[in-house]
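Quick notes on the structure that follows.
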Amino acid sequence: FGRTISGLIASGQAERALKAGDLAPPFELPDEDGTLVSSTALLERGPLVLSFYRGVWCPFCNIEMKALQAALGEIEARGATLVAISQ
């Protein structure tokens with residue numbers, strides 16, 4: 001794990017990655033039914049909360065998803081939409 005982190009730091013990826021508060025580039029991805037969903041269209045409804053879900057095999061992802069599910073009412077009450085992106 002430490003070797004992987006060191007490799008990422010050495011690659012310069014950290015400097016190029018989006019930081020908290022940065023705007024994500026527009027995207028269009030298929031939903032579970034194959035229908036394309038546009039971030040631009042979602043943003044017309046309000047802010048987006050994005051989560052990148054690696055898969056059910058990832059314990060950290062599952063913990064995050066459970067926490068986001070618990071916070072979903074508050075997220076929506078603030079006018080935001082939760083979007084989970086997975087392969």
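The values are calculated or read from the model by the stated rules, or taken from the named source; none is laboratory data. Since the model is a prediction, treat every value here as computed from it, not as a measurement. No Cβ is skipped: glycine too gets one built from the backbone with ideal geometry, and neighbour counts run over all protein chains shown.
When you check THR4 against the structure, is it out of contact with any helix residue (DSSP H, G or I) (no Cβ under 9 Å at 6 or more places or on another chain) and either at pLDDT 95 or above or part of a strand (DSSP E or B) (or both), yes or no?
On the way: out of contact with any helix residue (DSSP H, G or I) (no Cβ under 9 Å at 6 or more places or on another chain): yes; either at pLDDT 95 or above or part of a strand (DSSP E or B) (or both): no.
In short, no.
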remark   = Counting only residues that are loosely packed, with under 10 Cβ neighbours inside 10 Å, within 15 Å of the chain's Cα centre (by Cα) and without any contact (Cβ under 8 Å) to a residue 24 or more places away in the chain, the stretch 51-61 contains a total of 1
Selected residue (only one of GLU64, GLU28 is in contact with a strand residue (DSSP E or B) (Cβ under 6 Å, 6 or more places away or on another chain), surrounded by 10 or more Cβ atoms within 10 Å (Cβ to Cβ) and among the charged types (D, E, K, R)) = GLU28
message = Condition first: in contact with a Phe, Trp or Tyr (Cβ under 9 Å, 6 or more places away or on another chain) and part of a helix (DSSP H, G or I). Now tell me which residues in the stretch 39-64 satisfy that.
response = SER39, THR40, CYS61, ASN62, GLU64
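Any idea which of LEU48, LEU23 is under 13 Å from the mean Cα position of the chain (by Cα), exposed (fewer than 10 other Cβ atoms within 10 Å of the Cβ) and on the phi < 0 side of the Ramachandran plot?
Details: LEU48 fails: exposed (fewer than 10 other Cβ atoms within 10 Å of the Cβ).
Result of the check over LEU48, LEU23: LEU23.
Being small (Gly, Ala, Ser) and either assigned to a loop (DSSP other than H, G, I, E, B) or touching a residue at least 24 places away in the same chain (Cβ under 8 Å) (or both) is the filter here; which residues of the stretch 15-38 pass it? Walk me through how you get there before you give the answer.
Taking the stretch 15-38 and keeping what is small (Gly, Ala, Ser), we get 17, 20-21, 24, 34, 38.
Correct list: ALA17, ALA20, GLY21, ALA24, GLY34.
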